[in-house]
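Note sheet for the following structure.
The values are calculated or read from the model by the stated rules, or taken from the named source; none is laboratory data. Remember, predicted model here, so these are calculated numbers, not experimental data. Methodologically, a virtual Cβ is constructed for each residue, glycine included, from the backbone with ideal geometry; neighbour enumeration extends over all protein chains shown.
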Amino acid sequence: MKKMLYLLVALQVLIVFCAAGAVNTYGEAYTYIHEYNAPVAEWTPVEGSTIIDSAVTTPKEDGELNKIYFSDEWAHAPIDGFYEGTRSECSSEGAMVIFKFKGTAVRLIGTTKSVGGAAEVMLDGEDIGLLSYYYPESNQKVLLVLEGLEDKEHTLELTVTINEEEITGPWAYVDAFEVYNGTSGFVEPEEPSRDNIPELGTSGDEGYENIALKSSVEVNSQIADSQAGDMIADGDLGTKWCSVEGLENPEIAGSLNEYYAVFSFSKEEEINKFVLYNATTMTTGDDPAHPDYNTSSFKVEYSSNGIDWTEITRVEGNVEPVVSYSFEPVKAKYVRLYVYKPTAVESTDVAVRIAEFEIYGVKTEDPVTETPQDTQKIEINTPTSAPTSAAPADVDSGNENSGLIIGIIIAVVVVIAVVVVIIVLKNKKGKK
Ligand SMILES: [Ca+2]
C-alpha cells in the first residue's frame with residue numbers, strides 16, 4: 001500500500017515537472033490565468049475589492065449576487081490562516097460551487113496540494129477550462145484570475161473532477177472569492193534573488209577543493225534517471241537529485257521518510273567543510289520558486305569503513321537555499337548526507353530535492369596539468385628525433401634492425417667472397 005502511495009506521489013511529481021509554468025489564455029474578452037506552480041506565497045486583496053468568504057452558503061436556487069452556493073459534498077472547516085478562519089473542501093467528483101458576482105474581475109483564493117484534483121470552470125455558461133488544485137502545497141493561493149470582463153452580473157461555476165492527467169483524487173478547496181473592477185489584480189511574482197547563492201566550487205579554504213566531484217555517489221532511491229543520485233555532485237546547478245521514496249527509520253521520532261546519499265572516495269581524504277545547495281538554488285526549472293523545497297532537517301556524517309559513522313553536524317528547521325558548514329579537518333573515505341525532513345517544516349511534500357552537495361577536501365595535484373607537459377615533451381622530441389630518455393623506443397629498435405640487416409648483408413657478401421676465392425684458388429690448382 002505504501003509502495004503504491006509512493007508510486008502515486010512519484011507520478012505526481014513527474015507530471016508536475018512537465019506541467020510547470022503553464023499559463024492559459026481563454027478568449028480575447030478576458031484572461032484566465034492559472035499556473036500549477038505559480039509562486040504566489042501570499043495573497044493580497046486588490047484595493048477596493050469585495051471579499052466573499054466561502055463560509056457563506058446559500059441555496060442554489062437563490063442565485064443571489066455575491067453569495068456562494070456549495071453542493072452538499074463540501075465541508076466547511078475552521079482553519080487558521082484562511083479568510084475569516086475558514087476553508088471549504090471536498091473530495092467528490094461532480095461537487096459544485098456556483099458564484100454569482102458583478103464586476104470586471106474575479107479571483108478564486110484556495111489551496112493547492114499534492115493530492116489536489118481539478119475543477120471544470122464555466123463562466124456565464126461557457127466552458128473556459130480546467131482549474132488545477134494540484135501541487136505544490138500552498139494555502140491562500142490565487143487559483144484563478146478572470147479579468148477584463150464586461151461590467152455586469154456573471155456566474156462562475158466550478159465542477160469538481162479527477163484530474164485524470166495528473167492521477168490524483170478529486171480534492172478541491174475554496175477559501176474565498178474576490179470581486180473587483182480593473183485589470184491589475186494579479187501581480188506577477190518577482191524572480192527569486194540569487195544574491196546569496198555562492199558560485200559552485202568557490203566556498204573552500206585555501207588548499208581545499210570540492211572533492212565530491214570525484215566521489216562515487218550512492219542514494220537510497222531516485223525518482224528518474226533525469227534526477228539521478230549522481231546529479232547531486234556533478235558541478236551543475238541545472239541538475240538535481242530527487243527522491244520521493246524514503247526509508248523508514250525509527251531513529252527520528254515521527255519521521256516517515258528518510259533519505260541518504262553516500263559519497264565514496266578511492267582513498268581517505270582530509271575534509272573540513274560541506275555546502276548543500278537545495279533545489280531552490282537551481283538555474284533551471286521552477287524549483288527556485290518554491291521556498292518549501294529547502295531541505296528542512298538533515299545530518300552529515302563521515303566514516304573510514306562505510307559501517308561506523310561519526311556525525312559532523314545535524315541541521316534542523318532549515319529554511320535557507322544554501323547550507324554551509326565548516327569543521328575541524330577529519331579523515332574520511334565516506335561521507336553520508338542523511339535527510340529526514342526533505343521540505344519545509346509545515347510541508348507534507350515528501351520529495352527530497354538537492355541540486356548539489358559539495359565536500360571540501362585537501363587539494364591534490366590536478367592530473368590535467370600534467371597532460372600539456374607530456375604533450376610538450378612529445379612535440380620537442382618528435383621533430384629532433386633526439387635520443388633522449390623519452391625518445392621513442394621505435395627509433396632505437398629501428399636502428400638495431402637496420403644494423404642487423406647491414407650485418408647480415410656484410411656476412412653474406414663475406415661468405416660469397418670467401419666462396420668465390422676458394423673456387424678461384426681450386427681452379428688455379430686444377431690448371432696447374
Ligand atoms: Ca547538480
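You will find that of V145, V106, the residue that is farther than 20 Å from I162 by Cα, among the aliphatic types (A, V, I, L, M) and surrounded by 23 or more Cβ atoms within 10 Å (Cβ to Cβ) is V106 and no other.
Can we say K333 is in the same structural domain as A212 (by TED's automatic domain parsing), surrounded by 21 or more Cβ atoms within 10 Å (Cβ to Cβ) and charged (D, E, K, R)? Criteria not met by K333. Scanning the stretch 289-311 for residues that are surrounded by 20 or more Cβ atoms within 10 Å (Cβ to Cβ) and either free of Cβ contacts under 8 Å to residues at least 40 places away in the same chain or among the basic types (K, R) (or both) returns V300, Y302. Within the stretch 76-121, the set of residues being free of Cβ contacts under 8 Å to residues at least 60 places away in the same chain and of a type in the set (G, A, S) comprises A77, G81, G85, G116, G117, A118, A119. Of the candidates V339, V330, V319, V345, the single residue that is of a type in the set (A, V, I, L, M), within 16 Å of the ligand (Cβ to nearest atom) and either part of a strand (DSSP E or B) or modelled with pLDDT of 80 or more (or both) is V339. Number of residues in the stretch 213-234 that are in a helix (DSSP H, G or I) and within 13 Å of the ligand (Cβ to nearest atom) equals 8.
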